[in-house]
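Readers should treat all values here as calculations from the given coordinates under stated rules, not as data from a laboratory. Just so it is clear, the structure is predicted and the values come from calculations on it, not from any experiment. Using ideal geometry, Cβ is built from the backbone for each residue, glycine included, and neighbour counts are taken over all protein chains shown.
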Amino acid sequence: MKYFLSLWLGISCVLSGQVQALTQTELAEFAKHTELKFAVKTNFTSATTPKPQAELILRNSSSVPLRTGNWVLYFHSIRKLDSAVQQGLRLQHVQGDLHSLTPAKDFKGLEPGQQLNFSFAPSSSLVSYSDWMPRAFITATGLTPEIFANTDTEDFSRFVEPYTQPEQLQRFNQPGPDLYPIATSQSRFVLNQQQLSAFDQPEHLSIVPKPQQIRYQRGQTQLTAQWQIYHSGRLTSEAGYLQRQLQQATGLSLTLTTQKPARGQPHLALTISNNTGKAEGYQLVIQDQQISLAGQDNAGAFYAVQSLLALLPVTGDRTVLPNLTILDWPRFGWRGLHYDMARNFHGKDVTLRMIDQLARYKLNKLHLHLTEDEGWRIEIPGLPELTQIGAKRCFDLSERSCLLTQLGTGPFASGNGNGYYSTADFIEILKYAAERHIEVIPEIDMPGHARAAVKAMQARYLTLKEQGKEAEARQYLLSDPLDQSKYITVQNYTDNSINVCLPSTYAFVDKVMYELQQMYRQAGLKLSTFHMGGDETGVGSWTASPACQQLIATPDNAVAGVADLKPYFVAKVAQLAANRQLALGGWEDGLMYDAKNPFNRKQFANERVYANVWDNIWEWGVADRAYRLANAGYQVVLSHGTHLYFDHPYEAHPEERGYYWAARFTDVAKVFGYMPDDLYANADKTREGKVIDDLETLLGKELPALEKPENILGIQGQVWSETIRTPEQLEKMLYPRLLALAERAWHKAEWEGEEPDTEQRRQDWQRFGWTLTQKELPRLAEAGVALYLPPPGAVLQDGLLLANSAWPGLIIEYSEDQGQSWLPYSEAVKVGSDLLLRTKAKNGATSRVTRLD
């Protein structure tokens, strides 16, 4: 009776034009029991529907009617949604991925038991469930926000309707079709057959990355507790690392000594020797009662240790080693990983675990993307607002206590993605990396991608101004309060550019550089490189800034107009870095006037200026930037989006996490097949999926050759974290693609070249795959690392199941009872048609479950 009375009163209020305010209890009840879902209606467009179509679905299973009032519903969408008014509701873009839905007076309400479908137009297609973000919420004036319960999860199936139709699964239908088919059990089966031919498991599993020279001898050597580790004094750190790792792997506690062992004493000798003539090179000899690990330098000795550890068996007697000789050195001096923890912070522990794996696979650079629009992730003494406000997202429209929520964090500071490295954390990370011969390169992204810093310094300004400290308030201000510039970035921000015309901007940059240097010094290290980001600055920034108009009007400052402001900023930052004897790094577009022309290298005082070159979408005509920058005198780190972006899906399927702007998918084999010595040879397909037979013909222009190969420093993988909110998600995106990156960074394969030998590559991939599944995946799992495994391929022929795996040696399992029990697959077997399938590693890790199509 109470329910009907409430319903009648509510209807009466709406009919009479009255507004009923929600209570906190009602808000909580509504959010708990109302289901909010997203659905893609179509990605296909036409003359009448020029954009994709999607919708938000509200199913009110609560006892609370939702009527016109002071409530607002907020949700996250990676695609910017067009403003819309329908059914008495107004959809608006707030900032970044945050959107709002508010009622107008003509909103008819959503009664208990009713469903509301609100249609909208995304800016582009949506084909991955991870394009939608969790933790939509509703709030009202004076009330605490409440998260819709079914969205408070990382399980997309709870808040995204399934994609089943071509118009949902494919990215577009014009001007031509999307040529990348969605992965199915059948398509995987065919692809796996193409990649894997008859191949016997090799006698010896390889080392990752593959050594330059390896020669096996007869016999084996067994470690016992009587062995000693003899080392030269300068290798004390490397010897201690070897001792700890051997104890962990074998249980043996070997004695360290700097005294030459007596004749007949079994020992591992860790020394420096000019055996390769190449930096970071080493020689490893295992024979009878002696193991020699001789490095060209300390790093080389450390890599000899890693190769020795990689030879230990993963099962059985782990003290037995094959007799062999390895002579090895790296292909590139720069073998790196870029890690974005600024979008979503994952914590110190996962960073340390990442460093362990970089070291294991002989990668030597960790590029930490410490700042972004969505977060500032390192404590800077003297500027507490950067982490007090800039390191957390919550619901505060004033942004005086936190940044606006983004990327599925939800309305509370306890949500996923919040946090930062304290100075103590960062110093610990630096020491940990240095012990493993990894250089940590800090990136402070600016002048674009800087919203966290801009908003934190605005909050600082307002607080100090309210205290009457005007001069102190302006000391590190990054925005011009009178700036009326209009722009929107690729990530849909309208206020994320640092103002490059304010003296306080450069005071801020120098302050941050200084504090970073101090942290390195406290770690016993020297900061050598400052990475300034520089990419994707919003077009239109500073065009209506009085401070910039004044700078342009001032003579003798080399700024004639707005177009000169970005090179002006980079030159100023470069000079600040040079004053501190730092090299300067930046993303490629941060060092270019336009798509073809780099800034004049001579204007920068730094001895080294390098560019991470990432934008190589072949048909866009900018994939030659690596060579243009190298030829112009910049050093270059190859960071190409088509092959080296680990935030992209492993295959074309809606359940695969990640963005797909650079490549529809990037599997391990694609990373393995990257050829850094001939960039144009990597041009395989366009974004649409058209095969590229001749890149110059596709572009209609001649491509520049590399004139200064000495300026190519090496290669680097990138993981961006917009869709990666948890450590487990992060590690699954990294591993095992990271191993394929390490392979190409260290070793040039015989099949590489302008016309790569596909049969040789297939054989090499199978060698790598066996090592991956039989040795490296178990080692990674033992280290506590989350792993990605590819789902199996399968077909049903005459009632018989035929199945295979993308990686040789993975176990395949099938289930005929919807996953309650699993059976191993070894050969064609009689089954029914309703099957679930998965792959399984030796350690028990499994792929996502897929259905036999």
In the structure shown, of Lys348/Lys392; Lys51/Lys392; Lys775/Lys840; Lys362/Lys775; Lys278/Lys708; Lys362/Lys526, the pairs separated by more than 24 angstrom at the C-alpha atoms are Lys51/Lys392
Taking R0 as 25 Å and r as the Cβ-Cβ distance between Ile57 and Lys32, the FRET efficiency 1/(1 + (r/R0)^6), rounded to the nearest 0.05, comes to 0.90
Residues whose built amide H sits under 5 Å from the amide H of Thr255, excluding neighbours closer than 5 in sequence, are Ile229
Zone reached by a paramagnetic label modelled 7 Å from Ala563 Cα along Cα→Cβ, restricted to region 580-610 with backbone N below 16 Å, covers 592-600
Using alpha carbon centers only, region 723-763 is separated from region 342-359 by a whole-angstrom value of 20 Å
Taking the alpha-carbon centre of each part, the distance from region 416-470 to region 105-128 in Å is 38 Å
Tilt, helix 236-250 to longest principal axis of the chain (alpha-carbon atoms), in degrees rounded to tens, equals 80 degrees
Here the net charge surrounding Cys548, from other residues whose Cβ is less than 13 Å away from its Cβ (Lys, Arg +1; Asp, Glu -1), is -2
So for R0 = 41 Å, FRET eff. of Asp694-Thr846 from the Cβ-Cβ r, to 0.05, ends up at 0.45
Per the C-alpha gyration tensor (a ≥ b ≥ c, the square roots of its eigenvalues), region 2-169 is rounded if a/c is under 1.5, else prolate if a/b beats b/c, else oblate; here it's prolate
Tilt, helix 737-746 to longest principal axis of the chain (alpha-carbon atoms), in degrees rounded to tens, equals 50 degrees
Taking the dipole of the chain about the Cα centre (Lys, Arg +1; Asp, Glu -1; charges at Cβ), the one of Pro792, Ile378, Ile552 that reaches farthest to the positive side is Ile378
In order over region 536-550: 3J(HN,Hα) from phi, Karplus 6.51/-1.76/1.60, θ = phi - 60°, whole Hz, x for each Gly or Pro, gives 6, 5, x, 5, x, 4, 6, 5, 10, 9, x, 4, 6, 4, 5
Using the Kirkwood radius over Cα pairs of region 334-756, the Stokes-Einstein translational diffusion coefficient at 10 °C and 1.306 mPa s, in µm²/s and rounded to a whole number, is 72 µm²/s
When all Cα-Cα pair distances of region 234-273 are considered, the percent exceeding 16 Å is 38 percent
Expected vector for region 655-666, Karplus 3J(HN,Hα) from phi with 6.51, -1.76, 1.60 and θ = phi - 60°, integer Hz, x for Gly and Pro, equals 7, 7, 6, x, 7, 8, 6, 8, 8, 4, 7, 9
Scoring only Lys, Arg, Asp and Glu (+1, +1, -1, -1) among other residues with Cβ under 11 Å from the Cβ of Lys80 yields 0
Extension length gain for Ser119 and Asp349 (0.36 nm per residue less Cα distance), in nm, is 78.6 nm
Sequence order, region 473-479: Karplus ³J(HN,Hα) from phi using 6.51 cos²θ - 1.76 cosθ + 1.60, θ = phi - 60°, Hz rounded, Gly and Pro as x, gives 4, 7, 4, 10, 5, 10, 9
With a Förster distance of 35 angstrom and the Cβ-Cβ distance between Trp661 and Gln581, calculated FRET efficiency to the nearest 0.05 equals 0.40
So Ala424 and Leu397, fully extended at 0.36 nm per residue minus their Cα-Cα distance, gain in nm 6.6 nm
Candidate cut points under trypsin sites (Lys or Arg not before Pro) in region 18-114, DSSP loop plus at most 11 other Cβ atoms within 10 Å of their own Cβ, are Lys105
So, with points 7 Å from each Cα along the Cβ direction, the Gln289-Ala225 label distance in nm works out to 1.9 nm
Taking every other residue with Cβ under 12 Å from the Cβ of Tyr303 and scoring Lys and Arg +1, Asp and Glu -1, one gets +1
Computed over the chain: longest principal axis from alpha-carbon atoms vs helix 24-33 long axis, angle to nearest 10 degrees, is 60 degrees
